[in-house]
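Below you'll find the structure, written out as structure tokens, and then a few comments.
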Amino acid sequence: MSPRATRDPAWARWFLTAVALVFLAFFLLLPLAVVFAQALEKGVGYYLASIREPDALAAIRLTLLTVAIVVPVNVAFGVAAAWAIAKFQFSGKSILTTLIDLPFAVSPVIAGLIYVLVFGAQGWLGPWLIAHNMRVIFAVPGIVLATAFVTCPFVARELIPLMQSQGTDEECSAVTLGASGWQTFWRVTLPNIKWGLFYGVILCNARAMGEFGAVSVVSGHIRGETNTMPLHVEILYNEYNIVGAFAVASLLALLALATLVFKSVVEWRQARVP
Amino acid sequence: MSIEAHGIRKKFGAFTALDGVDLHVPQGKLVAVLGPSGSGKTTLLRIIAGLEFPDPGSGRVLFHGDDVTDIPAGRRKVGFVFQHYALFRHMSVLDNVAFGLRVRRRRDRPTSAAISERAHRLLELVQLDGLAGRFPSQLSGGQRQRVALARALAVEPKVLLLDEPFGALDARVRKELRRWLRRFHDDIQLTTIFVTHDQEEALEIADEVVIMNQGRVEQVGTPQQVYDKPASPFVYQFLGNVNVLRAPALAGALRGEGRTAEAARDGQIYVRPHDIELTPHDAGGTGLSAIVRHIHAAGPHARLLLEQVQTREHVEVEISRSELSELNLSVNDLVRMRLRQAHSFDEDYAI
């Protein structure tokens, strides 16, 4: 077959490529460039000062703390859920699969509200929590819970199709060769899913750092205490501290870029490894 | 070690995979479990291995007379080879073979030097020692299956279970590998069950064939027994080609004249294509008249498709090339057919 049959005229190719590039430049590259341009508008010194300011540092610390809790929890949940769904037959499996997708379907604001309704002062558990002098809403636990809810599908969703396509034969042979369940997991299953798992962790991490809606509802916006990086950016912006806002935002943008680079590396490795 | 299974039942939801299966495999034999897909043969093998369990209270699995029904797969000392090899894709060939020894508890585990030596010896046994450092994806299908076999043998199993071991290979490699398996089995004398849907494979290498259909055992016997004396219409049709003819149509087709009256009864008759004899029509005699519809003469035998004049039933006949040239047949010629050997499953009717 002649390749001409599947080839569009030159002008069409150029036109389509141009449309795609203009779109990308306008909606993706331009905003990114603006973030860094604005952040550095008053010079590097002011940029560094905005980041080193105590409230900003507190926000960075809180975000890192949240990520440090949420990502491992979701890895454990995601691997367990994917393992159960992909390798076992049980009733209620489709319900579990659907439930895992729930955080994607629900607006993050609603997710935050759910926690307010459960743990807030007027919520189900609110009076009991107050009586025992525990705070969830407008405090770090609420932020962690809301972030965990929003990011919980990432690892599981990445692993389920991968594990389903790999089937259970390798695990079965490990078992007939005398391996225990634990050995089977560490020596056979985990090496087979490690790149998919890594990819899920990267996505989960990016979203956990950037989550705004759900966290905004439960955080209470207490400066230096319950502000994560995205919330801090919003506050600074609302106070017309544009440069400060963009400086902190540039950190998140850098993180996003690093994530993308990481992701590309992982994909490249995945394509190479049989 | 002998293997026995008694009254095994297994349901998957509404589907009955095994409906009261009994099996006995004597020590050191190579037994084929043969059946179409969905007949329950793989499920039976997985139950023997301990990868599945029979429905509660339904049956027992015995190894060498000992009940192993409740013993998990890892402690049954079985070597299991999967249809799609199930090699650990992230491990080298050597690591695959050594896996079963490396996961042993420390006090049972040989030293790592001993493990590696044993793995190399096993790879030699399956004629793959040069490929120890390769990864499974770098091997051909036949090589992968031999690695899987070496890996299963590394744990010194008491029985070897092979699930469609050659199912994923191309025809030529299949043939080679199954002969190799037979010789291999003669050398190591390990009680072996292999599951297959390929009747040629089962008949060629097994000491005994177990034919399964719809979750039940239809017949057990040596390859010759099951081929020559099928116990049911299913077995007849499953093993090789067969013509199913309506009995009344056969009056006169049989050699013994006295039997024609019997043959006039209602029922079905099973005839293998090579058990039909053709004679020229104008020579007369008692055969059934048929018209030649198609002649397929490529290969060692000639296959003819005939249409019986009386009933318009189609009959496949296999004769030697020299017989064909003697008869000097061409399409639309008239011939007479006689049945050398035929079989009926009507209780009161035998040929």
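Obtain the nm distance between the two label points defined at B:Ser322 and A:Val19 by a simple spin-label model: each point lies 7 Å from its Cα along the Cα-to-C-beta direction.
Between B:Ser322 and A:Val19, the simple spin-label model gives 7.6 nm.
Which value, to two decimals, describes the C-alpha radius of gyration of the protein assembly as shown once divided by 2.2 N^0.38 Å? Present the calculation step by step, with values, prior to reporting the outcome.
Details: Rg = 35.7 Å, N = 625, 2.2 N^0.38 = 25.4 Å.
Computed over Cα atoms of the protein assembly as shown, the ratio equals 1.41.
As a test of the definition: which semi-axes, in Å, follow for chain B when you take the square root of five times each eigenvalue of its alpha carbon gyration tensor? Largest first, please.
For chain B, the ellipsoid semi-axes come out as 48, 25, 14 Å.
If one takes the longest principal axis of the Cα atoms in chain B, at what angle in degrees, from 0 to 90 and to the nearest 10, does the Cα axis of helix B:93-102 lie?
Approximately 60 degrees, to the nearest ten.
To the nearest 0.05, how large is the calculated FRET efficiency for A:Trp268 and A:Ser180 if R₀ is 41 Å and r is the Cβ-Cβ distance?
0.75
Using modelled amide H (1.01 Å from N, peptide plane; none on Pro or chain starts), what sits under 5 Å from the amide H of A:Asn227, excluding residues fewer than 5 places away?
So A:Asn227 has HN proximity to A:Ile222.
Give me the lysines in straight-line cross-link reach of B:Lys41: C-alpha distance below 23 Å, same-chain residues under 8 apart excluded.
A:Lys87, B:Lys10, B:Lys11, B:Lys29, B:Lys77, B:Lys158, B:Lys175, B:Lys229
Show the residues, 5+ positions off or on another chain, whose built amide H is closer than 5 Å to the amide H of B:Ile276.
It is B:Glu318, B:Arg340, by chain and number.
Could you compute Rg(Cα) / (2.2 N^0.38 Å) for region B:1-100, with N its residue count?
1.17
For A:Leu254 paired with A:Ala84, estimate the spin-label separation in nm (one decimal), with each label point 7 Å from Cα along the Cα-to-Cβ line.
Simple spin-label model gives 4.0 nm for this pair.
Per-residue Cβ counts within 10 Å, from other chains only, averaged over B:80-87: what number is that?
Across B:80-87, the average partner-chain Cβ count within 10 Å equals 4.
For peptide A:191-198, how many partner chain Cβ atoms fall within 10 Å of a residue's Cβ, on average?
1
Which of A:Ser91, A:Val71, A:Leu40 sits farthest toward the positive end of the charge dipole of region A:1-108, with +1 on the Cβ of Lys and Arg and -1 on the Cβ of Asp and Glu?
Positive-most Cα among the choices belongs to A:Ser91.
Starting at the first residue of region A:38-45, write each ³J(HN,Hα) from the Karplus equation 6.51 cos²θ - 1.76 cosθ + 1.60 with θ = phi - 60°, in whole Hz, x for Gly and Pro.
Using θ = phi - 60°, the values come out as 5, 4, 9, 4, 9, x, 5, x Hz.
Hey, what does the equivalent ellipsoid look like for region B:268-351, semi-axes from the Cα gyration tensor as sqrt of 5 times each eigenvalue, largest first, whole Å?
22, 15, 12
Given Cα positions, please report Rg to Rh for chain A, the hydrodynamic radius being the Kirkwood one.
On the way: Rg = 23.0 Å, Rh = 21.7 Å.
With Rh from the inverse mean 1/r over Cα pairs, Rg/Rh is 1.06.
Any chance you could run the full-extension gain for A:Ile242 through A:Arg223? It's 0.36 nm times the residue separation minus the Cα-Cα distance, nm to one decimal.
Using 0.36 nm per residue and subtracting the Cα-Cα distance, I get 5.1 nm.
Enter the angle in degrees (range 0 to 90, nearest 10) between the Cα long axis of helix B:112-125 and the first principal axis of the Cα atoms of chain B, meaning the one along which they spread out most.
Here the helix axis deviates by roughly 20 degrees.
Hey, for a label at A:Asp55 modelled as a point 7 Å past Cα toward Cβ, could you say which residues of region A:199-235 have their backbone N under 13 Å away?
A:221-229, A:231-235
So what is the orientation-averaged projected area of region B:151-243, using the convex hull of its C-alpha atoms, in nm²?
Reported value for the Cα convex hull: 7.0 nm².
Between helix B:171-188 and chain B, what is the angle of the helix's C-alpha long axis to the longest principal axis, kept within 0 to 90° and rounded to the nearest 10?
Helix B:171-188 sits roughly 60 degrees off the main axis of chain B.
Excluding the sites themselves, what is the longest stretch of chain A that contains no chymotrypsin sites (Phe, Trp or Tyr not before Pro) in a DSSP loop with at most 10 other C-beta atoms within 10 Å?
Details: sites that count: A:Phe88, A:Phe90, A:Tyr240.
Formally, the longest exposed-site-free interval is A:91-239.
Kirkwood Rh, Cα Rg: Rg to Rh for region B:281-323?
Rg/Rh for region B:281-323 comes to 1.01.
Specify, per residue and in Å³, the volume enclosed by the convex hull of the alpha carbon atoms belonging to region A:1-135. Could you put the intermediate results ahead of the total?
Numbers: hull volume 37.0 nm³, N = 135.
Taking only Cα atoms, region A:1-135 has a hull volume of 274 Å³ per residue.
Please work out the FRET efficiency for the pair B:Asp19 and B:Asp198, using the Cβ-Cβ distance as r and a Förster radius of 22 Å; give the result to the nearest 0.05.
Numbers: r = 23 Å, r/R0 = 1.07.
About 0.40, to the nearest 0.05.
Could I get the Rg over Rh figure for region A:77-183? Both from C-alpha atoms, Rh via Kirkwood, rounded to two places.
Result for region A:77-183 is an Rg/Rh of 1.15.
What are the ³J(HN,Hα) values, in whole Hz, obtained from phi via the Karplus relation 6.51 cos²θ - 1.76 cosθ + 1.60 with θ = phi - 60°, for each residue of region A:202-209 in sequence order, with x given for Gly and Pro?
4, 5, 4, 4, 4, 5, 4, 6
Taking the simple approach of a point 7 Å from Cα along Cα-to-Cβ for both B:Gln189 and B:Thr69, what is their distance in nm?
3.2
For B:Gly40, what residues show an amide H to amide H distance below 5 Å, using hydrogens built from the backbone and excluding near sequence neighbours?
Distant-sequence amide H within range of B:Gly40: B:Gly215.
Based on DSSP, what percent of beta bridges with both residues in chain B are antiparallel, to the nearest 5? Walk me through the numbers on the way to the answer.
On the way: 47 of 66 bridges.
In chain B, approximately 70 percent of DSSP beta bridges are antiparallel ones.
Values in this text are rule-based calculations from the coordinates and carry no lab data. Owing to the predicted nature of the structure, the values given are computational and were not obtained by experimental measurement. Quick reminder, even Gly has a Cβ in these numbers, built from the backbone with ideal geometry, and neighbours come from all protein chains shown.
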